[in-house]
Amino acid sequence: MSRQRLKSIFWPDADLEKASANLRQNLVRIRRFQDENNFRLIGSNFTLVYLMPDGIDWDLREFLDALEGEDEASIVSACEFYGGDLLADIGASSPEFEEWLSEQRERLRGTLIEKLAGALGDDTILSPAARSLCARKLLAVDPCNEQAFQTLMTEAAEQGDHARLRHLFERCERQLMNEFGVGSSAGTRGLYSQLSRNLHSHPPRNGSS
């Protein structure tokens, strides 16, 4: 990207001389940091600033690679590599950059939600442990996702944990009511009723409730 373009993005309200000085100072800091840590990611010349990604590993690349896979290991890796919004700790910048960043965050979050929702479908290839991990990650990213709640409710029933089953259902109801002013869907309510009946009809041998 041209130096001129970067100056307009990061320092839109500064005059040309100040913006140029800011960019030069930051490129010097970047170069020094890279020298101290023996790697190269960002380079520059008189007109351009460019990325040199070969040989560099970072979580975003690993996350995007994991999203491409369809096997359990890739799906689990996508959960592990997604640590939250892209550049969550970056300070405020120009409106143009903020708009771009918001779009990227929404795109990455939405892609993960779609991936996990698909993995938790009826024809899932996931093991019970992987299903649990994906459902919990899905709830962390999308706290009102009923599919994730249904997966965890089914898991609780399979483990004979009626208290956890009830807690998850009540949490789902509360979350949806707080966020949208509605209760859970008929599917979620029906699943809870069925799982509760099954647990009462066939209580676990260890006496859990």
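Coordinate-derived values only; no laboratory data. Model, not experiment: these values are computed from the prediction. Don't worry about glycine lacking a Cβ; one is built from the backbone with ideal geometry, like all the others, and counts go over all protein chains shown.
Summary of values
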read-out: Pairs of Cα atoms farther than 20 Å apart, segment 143-209, %; value: 25
read-out: Computed over segment 143-209: relative contact order in percent, which uses C-alpha pairs under 8 Å that are six or more apart; value: 40
read-out: Folded to 0 to 90 degrees: helix 72-81 orientation relative to the chain principal axis, Cα; value: 60
read-out: Residue-count net charge about residue 99 - beta-carbon cut-off 12 Å; Lys, Arg +1, Asp, Glu -1; value: -3
read-out: Distance in nm between pseudo-label sites at residue 170 and residue 68 (7 Å out along the Cβ direction from Cα); value: 4.7
read-out: Degrees between helix 128-141 axis and first principal axis of the chain (Cα, 0 to 90, nearest 10); value: 60
read-out: Amide H within-cut-off set for residue 48, under 5 Å, with H built and near neighbours excluded; value: 3
read-out: Distance from segment 4-74 to segment 126-145 (C-alpha centre basis), Å; value: 33
read-out: Residue (of 194, 66, 119) at the positive-pole extreme of the chain, dipole from beta-carbon charges; value: 194
read-out: Cβ-derived FRET efficiency at R0 25 Å, residue 182 paired with residue 132, nearest 0.05; value: 0.40
read-out: Cα-only Debye scattering, segment 12-128: base-10 log of I(q)/I(0) at q = 0.10, 0.14, 0.17, 0.24 Å⁻¹; value: -0.47, -0.80, -1.03, -1.36
read-out: Among 182-192, 125-135, the order from most to least packed when residues are scored by Cβ within 10 Å on average; value: 125-135, 182-192
read-out: Lys, Arg +1 and Asp, Glu -1 on Cβ, resulting dipole of segment 3-51 about Cα centre, debye, nearest 20; value: 120
read-out: Potential extension, residue 104-residue 40 segment - 0.36 nm per residue separation minus Cα distance; value: 20.6 nm
read-out: Pairwise FRET efficiency - residue 61 versus residue 194, Cβ, R0 = 41 Å, nearest 0.05; value: 0.45
read-out: Calculated FRET efficiency for the pair residue 4/residue 32, C-beta based, R₀ 25 Å, to 0.05; value: 0.60
